[in-house]
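The values are calculated or read from the model by the stated rules, or taken from the named source; none is laboratory data. Only a predicted model underlies this, so the values are computations on that prediction, with no experimental measurement involved. Here the Cβ positions follow ideal geometry from the backbone for every residue, glycine too, while neighbour counts run over all protein chains shown. For the accessible areas, the whole protein counts, side chains as well, though only heavy atoms, and no ligand, DNA or RNA atoms are used. Shrake-Rupley method; radii C 1.70, N 1.55, O 1.52, S 1.80 Å.
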Amino acid sequence: MKDLNYIQIDENSRTPKYKQIVDSFIYNISIGNLKMNQKIPSINVFSEEFYLSRDTVEKAYRILKERKIISSIRGKGFYITRTKLLSKTNVLFLINKLSTYKMKMYNSFVSQMGDNAHTDLHIYHCDKGVFLNLLNKNLNAYDYYVIMPHFRTEGSKHLSSNDEIEEAINQISKDKLIILDNKVDVQGDIIMIYQDFENDIYNALKQGLEKIKTYNRMILAYPENSHYPYPRRILHGFRKFCVEYSIPFDIINQIDEELILKDKDLFITIEESDLVNLVKLSRDRNKKISEDLGIISYNDTPLKELLGITVISTDFHEMGKSAAEMVLKHKKGITKNPFLFIDRNSI
């Protein structure tokens, strides 16, 4: 078949032959040598023509199928199915949950990468099995892998990683790996932009110490058994701050209608539902926010800004932007993301 005239396999190259096949197909599609719906050689024909093992060609075709560059029709063969975006940088973005602030980070990353990149977003819902399946299915199929490692144990506790997760992540070429939001023990020189959950909350509350001291007690609403659990390092940082500055404190599981509100209580909410419930309770019980009780919310959103809610939050826009800039400038390194105390009208 004439299609084989376009394919180049360099016996002396250190690039694996299966990857040479993939790259050659992509290049020839991008310059117009291969067209949409054009039939390409079978695995047997290809392997015989280039004296390659069938396994090598199968691996290349599998990657091309996973990237939806080719497809197979039973009894007919393989065909080109994708001719757009092939010259672009292809990114797999694995995020643990769909939330306003994490989409802010994703959108910032995509915007900064610009028109020369195509990013596929997948949500794995803190489920280790879903995550491992997505990673295994798409291994070697993308130019970059952006991973936000937050998982849920069987007891609905937070898990940053374990041996199985780290083993899977370490299969990704370090030149392609980007870890965001949470640290993971990964070998090699990679891009990592993380939150320091314990010290971030501690240092952010220190910035608001003068106002915090005007309240009698701090109450952290930390969900113990959440479908999307939060790092327990948040608890450690909160306790450290309260003990160091002799501030009476409580830690509760959630804000519900049975909660007793006392004057000069200062609440820190993490989940959106707890913030909503607290605002409702304050209205029902004629408690004025910032006078009778205070509210600090974890993770900023446009709605919190609109409502004038004081927040402690990492800068998700900056996290996405910084990751994209490092990709575009071919930089590596481990960086702590900025964490902010944003004083508004709720304390």
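Data for the structure
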read-out: 14 Å reach of a label modelled at K68, 7 Å along Cα-to-Cβ, counting backbone N of region 90-108; value: 90-93
read-out: Residue with peak Gaussian network fluctuation, the chain [Cα springs, cutoff 10 Å], from L259, L278, L94; value: L259
read-out: Simple label model, 7 Å out from Cα along Cβ direction - T89 to H227, nm; value: 3.4
read-out: Note, ³J(HN,Hα) from phi for region 72-80, Karplus 6.51, -1.76, 1.60, rounded to Hz, x at Gly and Pro; value: 10, 10, 3, x, 10, x, 10, 9, 6
read-out: Distance (nanometres) between label positions extended 7 Å along Cα→Cβ at V45 and R217; value: 7.8
read-out: Separation of the I260 and L209 label points, Cα + 7 Å toward Cβ, nm; value: 3.1
read-out: Among the listed pairs K213/K264; K137/K329; K157/K280; K240/K304; K102/K329, those beyond 18 Å (Cα-Cα); value: K137/K329; K157/K280; K240/K304; K102/K329
read-out: Added length on full extension, which subtracts the Cα-Cα distance from 0.36 nm per residue, L98 to Q171; value: 23.7 nm
read-out: Distance between region 326-341 and region 3-25 - C-alpha centres, whole angstrom; value: 34
read-out: Expected-Rg normalisation [2.2 N^0.38 Å, Cα atoms] applied to the chain; value: 1.25
read-out: Angle in degrees between helix 197-207 and the longest Cα principal axis of the chain, rounded to the nearest 10; value: 40
read-out: Share of carbon and sulfur in the accessible heavy-atom surface of the chain [1.4 Å probe, %]; value: 46
read-out: Most mobile listed residue (N116, N136, N33) in the chain, GNM with C-alpha springs under 10 Å; value: N33
read-out: 3J(HN,Hα) from dihedral phi, region 231-242, Karplus parametrisation 6.51/-1.76/1.60, rounded to Hz, x for glycine, proline; value: x, 6, 4, 4, 4, 4, x, 5, 4, 4, 5, 5
read-out: Rg/Rh for region 79-135, where both radii come from Cα atoms and Rh is the Kirkwood radius; value: 1.04
read-out: Amide hydrogen neighbours beyond the local backbone of I296, cut-off 5 Å, H modeled; value: F267, I268, T269
